[in-house]
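Please read the structure below before turning to the comments.
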Amino acid sequence: MKIRKIISSFIVTLLILLTHTTFLKTGKAEKYSILTTPDLSNHPVYSNYKFNNSEEVVNLGVQPVYSPTGLISETMKRDAILHKALSEQGVKIRFYAFLNGDDVNHFLHRGDIDAGIGGDMPAITAAATLDIVIPILIQQGFTSIIAKHPMLIRELRGRKIGYAFGTNAHYALLRSLSSDGLSKEQVNLIPMEVNEMPEALQAGKIAAFSAWEPIPAITLNKYPENVVIHRCLSSGYIYFAKAYSDKYPEIVRQIISAEIRALRWMQSNRQNLIRASEWALQAGGRLTNQKLELTAEQNASLAESDILGLTSAPIIPQKDLRQNGLLQMEFEYIKTLGKIPASTNWDKVHDSFDLQIIIEVLANAKKYKLNEFDYDIE
Amino acid sequence: MMSDKTPINSLEDTVKKRFPFSIRSKMLIYFGLMFLVILTMFVLSDMYGIPFTNFRGSYKQEQSKVFQNLNLFADLRKERLKNWIGERRGDARALSESTMIRSNVASLLPLVNGVEENGFQTELQKEAPYQTLKQYLNLVKRTYGVYDKIQIIDALNGTIMISTQNQESGMDISQNDSFSKIIHQGYNEVIDINKDPSSGILKLFIFRAIYSYDDKVSAVLIMQINPDDFIKPMLHTGGGLGQTGEVLFVNQDVKLLTTLKYPLANGTAAIPLEYQINSKPTTLAARGEEGIIATRDYRGVEVLAAYRHIRITSELGWGLVIKVNRAEVFAPLQENIFYRSITGIICALLALGLITVIAGNLSQPLRRLSKAAREVQEGNLDVRISENATDEVGILASAFNSMIHQVQNWNKELKIQVHARTAELEAKNAELERYTYTVSHDLKSPLITIKGFLSLLERDAIKGDIERVKKDASRIHNAAEKMNQLLDELLELARIGRVVGVSESVSLKDLANEAVNLIEGQIKELGIQVKISPDLPVLYVDRRRFVEVLQNLIDNSAKHMGKQPEPRIEIGARQDNEKTVYYVRDNGIGIEERYHENVFGLFNKLDHKSEGTGIGLAIVKRIVEVHSGRIWIESEGNGRGSTFCFTIPEKGETPDHE
């Protein structure tokens, strides 16, 4: 009888554990689309922003904690040629730092900013739900899944994984899971801010997390025993509100030229790259209110290879936009998340990409001063 | 229908049905299972870690090492290739941006216009910018030793102006996609691995725009490298990945860029740029993912593969897969598991042996106890078991022995009691027989008398002899009276056996006085002196019945005084073996010892001439016994007087014969 009781207790305990695990697995983050993004007006950082919506100011949402995008946008911020070109048209440019692309979309949707920088998932989301123009690539880098030990992706089954909802890393995570036969229902996704992830992993609150650079590099720098178990190439873009782009095409071109210039300036001299890296780390520190534990040299090395890919020309690859290409696959996947309406047509997203603008800028290198550099390095 | 099995047998059957093994077998099974479960859990947790903790186990740790090695190998190959490509891109950039190239191209371009294709070989060779550029490009080619061919193309019409390879100047490559991207889409650099149109050999091409001084693309620099000479050795696994290690290098369309180590499933060799490897890691690597995966390769063999993506430009990326057969890479782990399993089995066998011995030792006392219990069950109450053990088993053995000892005592006592009860029943039976006989005999006597005198009465009535009739009627009446008396007394005797009055504490002296008073006339008539001891104790009896006892005993003594000149009756008590013995003593005719028991029998009269029915002493005996007492006679024989002794338990005292 006692043996039976022990076996019964064991089975009951097992059932409780299984039920608990099942509950954890199904305890998903609430789905929401850009149209129902929570109000960020009380955000500790964003609530201090004073947006100037006059026509004399172009507001650009950037992400300093997003490598190498952060380096590029911080260089653009100090581009005297850009400021001069815009002032000649009676316009000033203001940069607003955001933690992720989803937040950029939120303020773009509100009309507080005219343009923003976001990864492919936020860009597709914005293209599907808002009227935007995407003329240039700003980012081609890896988002990584970091864990405490080397493991196969399939070993994440049933484990807690930190992620930032609606970001590149979110989609990259889901792509990575599916690459080894796992669905999002088979893991326990824990939504969190990217800068919280390294400590959460260290504290054992999560088994892994998915984030874009430089968060993985910071984590590996601080906790060298951690490892990258999967990486996924993702893109980032500068995109403009269509109404703004249509009304101020020259300003759009000046901003694009500033990005190309920034890329060429950083590539021309490693010191420039390190300086841009310092600017990005400072901006990231101000945004997150914590020192990013990465040296400027490390951050520069991290960005170097990604920038190298863009130096030929940050043109959005045609093949990414083709039918059943990477971007359409991602678009279809985002629809399944409920982040964009299921009725949205791919053509709307496809037509948001305008590849002619950058070709026009590249063809007029002299006009747009693509090979002249004048940065406020103080 | 009642079962003929004893409760012990039935219990044993039930136990056997539920647990059809001996306690030793059960201990062996339970402890064995317990040990095996613990051992299995220990081995499994040691190998695979403990869920929900940070303890990962040796298998996982070893697996991590394997993954780390594979990752390290893949990362090194990727970095090496990336750096090498970076250097080549740097070469192209340095060349395209060099003043020497830009100024000579600027000088040469106006001379190219209008020259026919074959004119490049003849006319341009004479021009100084051409010669300078050609010499410079040859110098670069020789110095670096990497490039197969370096060319400069006219941006305007796609004509090869200068080539390190003779006979190529003047050729038109305006339809080349990479050239077109630079001219029409604004790229300043395009890299690709493709077939060289002139030789058909796979080549790495680096196209780089050469800008004029007004920032226009004036020409395109093309640098060609044979990947087999540089990339293939760079990706070579050597012995680092074991015998089955292989590196796969694919473009974005998952088409092979180097040759394969093994033939395809159909036995043919894969042709680079034609064969598409649709295995999972190559597909993942080509589309921009990096990681490690356990899967099957192009041969269908299970492999462990680290896959990497090498991003070259925004449009170009290559996939790199480092794979090794799973069987080879996990062989040390499998060996580890094998030896651990063998060790586990040996431990389990040793433990089972040990458990068998322990179970035998632990169960031995219980088996002895079981055997002893069975002997007891079969009737052997002399069996005892050793009480040497100082533990619970020793206590159990002691309790068992004590219990059996107790059972043995109870058995003896029971036998004695059964014997006593049997004797008593036999005596009662005899008494009942005697009683029946006596009753029938003694009741018959008055009836015979009545019957005889009824005949005389009839005869005397016929004769008319009134006097005789009266005498006859008187005799009949007397006989009937006697019969009535006999029946009353018998009824009284029977009632004594059935009905007992309420007991109370009463002084024997009071009882004696009351009894003497009831037969005072008779005592006085016979001149008997009655002495009642002054310090008689208190009895706890039915008062009325005990007055009757004393009355009958005094009456009996009075009737059997014989010719005693000084008849005397003494009522008293004495201590005999710490018991109080009450007595009625006389100095009458006495009773021979052989009649000491008989006198208490029903209708037993030693002197048939004496008055009374012979029931009195029987009633006395019955009353004393109903009060759990005992009565007997002490007499030294004829003429020596008699003492009727009796005992009565004190209040709360246990009766003598219970």
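Out of A:Pro68, A:Pro64, I need the residue that is buried (at least 24 other Cβ atoms within 10 Å of the Cβ), within 22 Å of the chain's Cα centre (by Cα), within 14 Å of another protein chain (Cβ to nearest Cβ) and not hydrophobic (A, V, I, L, M, F, W, C). Which one?
Result: A:Pro68 is the single residue among A:Pro68, A:Pro64 that is buried (at least 24 other Cβ atoms within 10 Å of the Cβ), within 22 Å of the chain's Cα centre (by Cα), within 14 Å of another protein chain (Cβ to nearest Cβ) and not hydrophobic (A, V, I, L, M, F, W, C).
Could you list, in sequence order, the residues of the stretch B:59-76 that are hydroxyl-bearing (Ser, Thr, Tyr) and either within 8 Å of chain A (Cβ to nearest Cβ) or surrounded by fewer than 17 Cβ atoms within 10 Å (Cβ to Cβ) (or both)?
Taking the stretch B:59-76 as the starting set, the residues that turn out to be hydroxyl-bearing (Ser, Thr, Tyr) are B:59, B:64.
B:Ser64, the sole residue that qualifies.
Can you tell which of B:Gly267, B:Gly240 is within 23 Å of B:Trp84 (Cβ to Cβ), modelled with pLDDT under 90 and loosely packed, with under 15 Cβ neighbours inside 10 Å? Write out each step before concluding.
Details: B:Gly267 fails: within 23 Å of B:Trp84 (Cβ to Cβ).
The match here is B:Gly240.
Collect the residues in the stretch B:315-364 that are of a type in the set (Phe, Trp, Tyr) and touching a Phe, Trp or Tyr at 6+ places or on another chain (Cβ under 9 Å), keeping them in residue-number order. Spell out the reasoning first.
First pass over the stretch B:315-364, keeping only residues of a type in the set (Phe, Trp, Tyr): B:318, B:330, B:338-339.
B:Trp318 - this is the single residue of the stretch B:315-364 that is of a type in the set (Phe, Trp, Tyr) and touching a Phe, Trp or Tyr at 6+ places or on another chain (Cβ under 9 Å).
Condition check: assigned to a helix (DSSP H, G or I), of a type in the set (A, V, I, L, M) and surrounded by fewer than 11 Cβ atoms within 10 Å (Cβ to Cβ). Does B:Val469 satisfy that? Show your work before the answer.
Details: assigned to a helix (DSSP H, G or I): yes; of a type in the set (A, V, I, L, M): yes; surrounded by fewer than 11 Cβ atoms within 10 Å (Cβ to Cβ): no.
So B:Val469 fails the test.
Among the residues that make up the stretch B:589-596, is at least one of them farther than 29 Å from B:Leu443 by Cβ and surrounded by 14 or more Cβ atoms within 10 Å (Cβ to Cβ)?
Taking the stretch B:589-596 first, the residues farther than 29 Å from B:Leu443 by Cβ are B:590, B:593.
From what's left, surrounded by 14 or more Cβ atoms within 10 Å (Cβ to Cβ): B:590.
There is at least one residue in the stretch B:589-596 that is farther than 29 Å from B:Leu443 by Cβ and surrounded by 14 or more Cβ atoms within 10 Å (Cβ to Cβ).
Scan the stretch A:106-129 residue by residue and report those that are assigned to a helix (DSSP H, G or I) and more than 11 Å from the chain's Cα centre (by Cα). Steps first, answer last, please.
Of the stretch A:106-129, the ones assigned to a helix (DSSP H, G or I) are A:106-110, A:120-129.
Answer for the stretch A:106-129, where residues must be assigned to a helix (DSSP H, G or I) and more than 11 Å from the chain's Cα centre (by Cα): A:His106, A:Phe107, A:Leu108, A:His109, A:Arg110, A:Ile124, A:Thr125, A:Ala126, A:Ala127, A:Ala128, A:Thr129.
Given the criterion assigned to a helix (DSSP H, G or I) and crowded, with 18+ Cβ neighbours inside 10 Å, identify the matching residue among B:Leu284, B:Leu320. Talk me through it step by step, then tell me what you get.
Details: B:Leu320 fails: assigned to a helix (DSSP H, G or I).
Answer to the selection: B:Leu284.
For residues that are touching a strand residue (DSSP E or B) at 6+ places or on another chain (Cβ under 9 Å), at positive phi and either in the same structural domain as A:Ile307 (by TED's automatic domain parsing) or surrounded by 24 or more Cβ atoms within 10 Å (Cβ to Cβ) (or both), tally how many sit in the stretch A:139-182.
0
Report, by residue number, each residue of the stretch B:382-404 that is in a helix (DSSP H, G or I), closer than 16 Å to B:Arg367 by Cβ and aliphatic (A, V, I, L, M).
Filtering the stretch B:382-404 down to residues in a helix (DSSP H, G or I) leaves B:392-404.
Narrowing further to those that are closer than 16 Å to B:Arg367 by Cβ: B:392-394, B:396-397, B:400.
Scanning the stretch B:382-404 gives B:Val393, B:Leu396, B:Ala397.
If the requirement is being within 14 Å of another protein chain (Cβ to nearest Cβ) and among the basic types (Lys, Arg), which of these qualifies: B:Lys195, B:Lys181? Full working, then the answer.
Values: B:Lys195 fails: within 14 Å of another protein chain (Cβ to nearest Cβ).
Step by step, each of B:Lys195, B:Lys181 is checked, and only B:Lys181 is within 14 Å of another protein chain (Cβ to nearest Cβ) and among the basic types (Lys, Arg).
Pull up the stretch A:61-105, narrow it to residues that are part of a loop (DSSP other than H, G, I, E, B) and out of contact with any Gly (no Cβ under 9 Å at 6 or more places or on another chain), then point me to the one that is nearest to A:Ala164 (Cα to Cα).
Pass one, the stretch A:61-105, residues part of a loop (DSSP other than H, G, I, E, B): A:63-68, A:78, A:89-91, A:98-100.
Filter again for out of contact with any Gly (no Cβ under 9 Å at 6 or more places or on another chain), leaving A:78, A:89-91, A:99.
On the way: A:Arg78: 29, A:Gln89: 38, A:Gly90: 38, A:Val91: 34, A:Leu99: 10 Å.
Across the stretch A:61-105, the extreme among qualifying residues is A:Leu99.
Can you spot a residue in the stretch A:312-327 that is of a type outside the set (Ser, Thr, Tyr), more than 20 Å from A:Asn168 (Cα to Cα), outside the structural domain of A:Pro214 (by TED's automatic domain parsing) and in contact with a Lys or Arg (Cβ under 8 Å, 6 or more places away or on another chain)?
Within the stretch A:312-327, none of the residues are of a type outside the set (Ser, Thr, Tyr), more than 20 Å from A:Asn168 (Cα to Cα), outside the structural domain of A:Pro214 (by TED's automatic domain parsing) and in contact with a Lys or Arg (Cβ under 8 Å, 6 or more places away or on another chain).
Examine the stretch A:280-300 for a residue that is without any contact (Cβ under 8 Å) to a residue 12 or more places away in the chain and within 14 Å of another protein chain (Cβ to nearest Cβ), and state whether such a residue exists.
Taking every residue of the stretch A:280-300 in turn, none turns out to be without any contact (Cβ under 8 Å) to a residue 12 or more places away in the chain and within 14 Å of another protein chain (Cβ to nearest Cβ).
Identify the residue in the stretch A:196-249 that is hydrophobic (A, V, I, L, M, F, W, C) and in a helix (DSSP H, G or I) and, among all such residues, is surrounded by the fewest Cβ atoms within 10 Å (Cβ to Cβ).
First, the residues of the stretch A:196-249 that are hydrophobic (A, V, I, L, M, F, W, C): A:197, A:200-201, A:203, A:206-209, A:211-212, A:215, A:217-218, A:220, A:227-229, A:232-233, A:238, A:240-241, A:243.
Subsequent filtering for residues that are in a helix (DSSP H, G or I) retains A:197, A:200-201, A:215, A:217-218, A:220, A:243.
Working: A:Met197: 27, A:Ala200: 16, A:Leu201: 22, A:Ile215: 28, A:Ala217: 22, A:Ile218: 24, A:Leu220: 18, A:Ala243: 13.
Per the stated criteria, the residue is A:Ala243.
Being over 29 Å from B:Pro332 (Cα atoms) and in the same structural domain as B:Ile322 (by TED's automatic domain parsing) is the requirement here; does B:Gly267 meet it?
Values: over 29 Å from B:Pro332 (Cα atoms): yes; in the same structural domain as B:Ile322 (by TED's automatic domain parsing): yes.
Against the criterion (over 29 Å from B:Pro332 (Cα atoms) and in the same structural domain as B:Ile322 (by TED's automatic domain parsing)), B:Gly267 qualifies.
Restrict the check to the stretch B:37-51 and report whether at least one residue is surrounded by 13 or more Cβ atoms within 10 Å (Cβ to Cβ) and either modelled with pLDDT of 90 or more or more than 44 Å from the chain's Cα centre (by Cα) (or both).
Taking every residue of the stretch B:37-51 in turn, none turns out to be surrounded by 13 or more Cβ atoms within 10 Å (Cβ to Cβ) and either modelled with pLDDT of 90 or more or more than 44 Å from the chain's Cα centre (by Cα) (or both).
Quick check on the stretch A:353-365: of everything there that is at pLDDT 90 or above and in contact with a Lys or Arg (Cβ under 8 Å, 6 or more places away or on another chain), which residue is farthest from the other protein chains (Cβ to nearest Cβ)?
Applying the filter and picking the extreme gives A:Ile357.
Could you pull out the residue among B:Ala351, B:Ala294, B:Ala306, B:Ala327 that is outside any helix (DSSP H, G or I) and under 45 Å from the mean Cα position of the chain (by Cα)? Walk me through how you get there before you give the answer.
Values: B:Ala351 fails: outside any helix (DSSP H, G or I); B:Ala306 fails: under 45 Å from the mean Cα position of the chain (by Cα); B:Ala327 fails: outside any helix (DSSP H, G or I).
Among B:Ala351, B:Ala294, B:Ala306, B:Ala327, only B:Ala294 is outside any helix (DSSP H, G or I) and under 45 Å from the mean Cα position of the chain (by Cα).
Does the stretch A:14-36 include one or more residues that are β-branched (Val, Ile, Thr), touching a helix residue (DSSP H, G or I) at 6+ places or on another chain (Cβ under 9 Å), surrounded by 11 or more Cβ atoms within 10 Å (Cβ to Cβ) and at pLDDT below 55? Steps first, answer last, please.
In the first step, residues of the stretch A:14-36 are kept if they are β-branched (Val, Ile, Thr); the result is A:16, A:19, A:21-22, A:26, A:34, A:36.
Narrowing the set further to residues that are touching a helix residue (DSSP H, G or I) at 6+ places or on another chain (Cβ under 9 Å) leaves A:26, A:34.
From what is left, the residues that are surrounded by 11 or more Cβ atoms within 10 Å (Cβ to Cβ) are A:34.
Cutting the leftovers down to at pLDDT below 55 gives us A:34.
Checking the stretch A:14-36: at least one residue is β-branched (Val, Ile, Thr), touching a helix residue (DSSP H, G or I) at 6+ places or on another chain (Cβ under 9 Å), surrounded by 11 or more Cβ atoms within 10 Å (Cβ to Cβ) and at pLDDT below 55.
Quickly run through the stretch A:184-195 and pick out the residues that are loosely packed, with under 15 Cβ neighbours inside 10 Å and in contact with a Phe, Trp or Tyr (Cβ under 7 Å, 6 or more places away or on another chain).
A:Pro191
Take the residues in the stretch A:153-168 that are in a helix (DSSP H, G or I) and at pLDDT 90 or above; name whichever of them is nearest to the other protein chains (Cβ to nearest Cβ).
Residues of the stretch A:153-168 in a helix (DSSP H, G or I): A:153-156, A:168.
Still in the list and also at pLDDT 90 or above: A:153-156.
Values: A:Ile153: 6, A:Arg154: 8, A:Glu155: 9, A:Leu156: 11 Å.
Once the filter is applied, the top-ranked residue is A:Ile153.
Would you check if there is a residue in the stretch B:267-288 being farther than 20 Å from A:Arg231 by Cβ and in contact (Cβ under 8 Å) with a residue 60 or more places away in the chain?
First pass over the stretch B:267-288, keeping only residues farther than 20 Å from A:Arg231 by Cβ: B:267-278.
If we keep only those that are in contact (Cβ under 8 Å) with a residue 60 or more places away in the chain as well, we get B:272-273.
The answer is yes; a qualifying residue exists.
Within the stretch A:315-332, count every residue that is more than 14 Å from every other protein chain (Cβ to nearest Cβ) and either among the basic types (Lys, Arg) or touching a residue at least 40 places away in the same chain (Cβ under 8 Å) (or both).
Pass one, the stretch A:315-332, residues more than 14 Å from every other protein chain (Cβ to nearest Cβ): A:323, A:331-332.
Next, only the ones that are either among the basic types (Lys, Arg) or touching a residue at least 40 places away in the same chain (Cβ under 8 Å) (or both) stay: A:331.
Residues that pass the stated criteria total 1.
Scan the stretch A:304-311 and tell me whether some residue there is under 16 Å from the mean Cα position of the chain (by Cα), within 10 Å of another protein chain (Cβ to nearest Cβ), closer than 23 Å to A:Ile113 by Cα and not hydrophobic (A, V, I, L, M, F, W, C). Give the steps one after another, and end with the answer.
Filtering the stretch A:304-311 for residues under 16 Å from the mean Cα position of the chain (by Cα) gives A:306-307.
Cutting the leftovers down to within 10 Å of another protein chain (Cβ to nearest Cβ) gives us A:306.
From what's left, closer than 23 Å to A:Ile113 by Cα: none.
Looking for residues that are under 16 Å from the mean Cα position of the chain (by Cα), within 10 Å of another protein chain (Cβ to nearest Cβ), closer than 23 Å to A:Ile113 by Cα and not hydrophobic (A, V, I, L, M, F, W, C), one finds none in the stretch A:304-311, hence no.
Pick out, from the stretch B:49-138, the helices (runs of 4 or more DSSP H) lying fully within it that include 2 or more residues that are of a type outside the set (Lys, Arg) and touching a helix residue (DSSP H, G or I) at 6+ places or on another chain (Cβ under 7 Å).
On the way: elements: B:57-97, B:99-112, B:119-122.
Per the criteria, B:57-97, B:99-112.
Among the hydrophobic types (A, V, I, L, M, F, W, C) and either within 13 Å of chain A (Cβ to nearest Cβ) or surrounded by 15 or more Cβ atoms within 10 Å (Cβ to Cβ) (or both): which single residue out of B:Ile346, B:Ile292 fits that description?
B:Ile292
The values are calculated or read from the model by the stated rules, or taken from the named source; none is laboratory data. Computed from a prediction, not measured in an experiment: that's the story for all the values here. Because the Cβ atoms are built from the backbone with ideal geometry, glycine has one as well, and the counts that use them run over all protein chains shown.
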